Each structure stands twice: as structure tokens, then as C-alpha cells.
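Visitor: Once you've had a glance at the structure underneath, I'll fire off some questions.
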Amino acid sequence: MILVRKNGNILSFLLFFIFFQNIQAKEIVAINHKCEEIKVIQKIEFKSKYKYFFFRKTNHKKVTRIDKIIDENGKTLIKVKMKSTERGDEYLFRKFHRILIINKEIHEVSCVVGQESGKVIVYNFCGEKVKEFSLKSEELFEKYKF
């Protein structure tokens, strides 16, 4: 108790310093220059399957879109599936999930239809997670949907 009274200012300063040091450390982005030199390719696969009703083929399709990021050696770094249904001219999905290569980063976008916000996860070319942030659904659809 006596130690706290004598050194109270020092202890409070140390605690204050430790807390703020951890907050600043979360925002630091580690840059690995070896990962920027790696060449990656984005491959997109579509698989569609008709729905059947009493052994008859209908106009409805189940569509699965598979986005893959593949490095120089043929190793799959990131793989994402987006499932949807196609009814004639309509193309409906419950969860919007895409991968895009923008500049020297890989952006993974996921948003559930009907929610106000979605999230974007940013990876480097080695497949390591760099940062994550959330955006409004409207901004995500405008920026990443094409």
C-alpha cells in the first residue's frame, strides 16, 4: 500500500503507456517484400445444376461460383464459394462472397443480403491476412460487383 502511494504517478503512467502502446501496435501493417514479388492468378469456375421436381427438369438452376487465387507453383492460396439460384432471368444469392486482386493486395468481400454492412478482408500475395474492415452493403455492391 505504501509502495502504491509513493509511486502512484509512475504506476499510472506505466499503465497508461502500456494501454496506448497496444492500441497503436494493432494498426501497424507488416510489409513482406518477398510476397509482393510473387505472381498470382485468379481463376473463376462456374458449376450449374438444374433442379428437378418429380423427376422433371425445371427452369431453376443451382449455380456455384468458385473463386481461387493460385500462386506460381500451382498452390491454391485462397478459395471461396458463392452459391446462388437462377430462375429464368433472375440471379439470386443469399451471401455475396468474392475475391479480387486490386493493386498488390487480394480483397475477400463477404456480405449477407439484407444486412446493413459487410466485411472486407485484405491479404498479401503470400495468403497472409493483412487487415480487415467493414463497409456498408451498398458501397460493397457498387465497388466489388460486376
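The values are calculated or read from the model by the stated rules, or taken from the named source; none is laboratory data. Nothing here was measured: the structure is a model prediction, and the numbers come from that model. So basically every Cβ, Gly included, is an ideal-geometry build from the backbone, and we count neighbours across all protein chains shown. Note: accessible area is taken over every heavy atom of the protein model, side chains too, but ligands, DNA and RNA are not part of it. Shrake-Rupley method; radii C 1.70, N 1.55, O 1.52, S 1.80 Å.
Visitor: If only Cα atoms are counted, what is the Rg of segment 95-146, and what is its Dmax, in Å?
Guide: Radius of gyration, then largest Cα-Cα span, for segment 95-146: 10.8, 33 Å.
Visitor: Here is a follow-up. How would Val40, Val113, Val120 rank on accessible area, largest to smallest, probe 1.4 Å? Write down the numbers at each step before the final one.
Guide: Values: Val40 25, Val113 80, Val120 0 Å².
So, going from the largest accessible area down, we get Val113, Val40, Val120.
Visitor: Starting from the Cα-Cα distance between Ser117 and Arg94, subtract it from 0.36 nm times their residue separation and give me the gain in nm to one decimal.
Guide: Stretched fully, the Ser117-Arg94 segment lengthens by 6.9 nm.
Visitor: Also, I was wondering about something else. Given the pairs Lys43/Lys129; Lys34/Lys145; Lys83/Lys131; Lys104/Lys129; Lys51/Lys81, which are separated by over 22 angstrom at their Cα positions?
Guide: Values: Lys43/Lys129 20 Å; Lys34/Lys145 30 Å; Lys83/Lys131 25 Å; Lys104/Lys129 13 Å; Lys51/Lys81 19 Å.
Pairs exceeding 22 Å: Lys34/Lys145; Lys83/Lys131.
Visitor: Label-point separation (nm) for Lys145 and Gln42, each offset 7 Å from Cα along Cα-to-Cβ?
Guide: 1.7 nm
Visitor: For segment 26-138, what's the radius of gyration and Dmax over Cα atoms, in angstrom?
Guide: 17.3, 58
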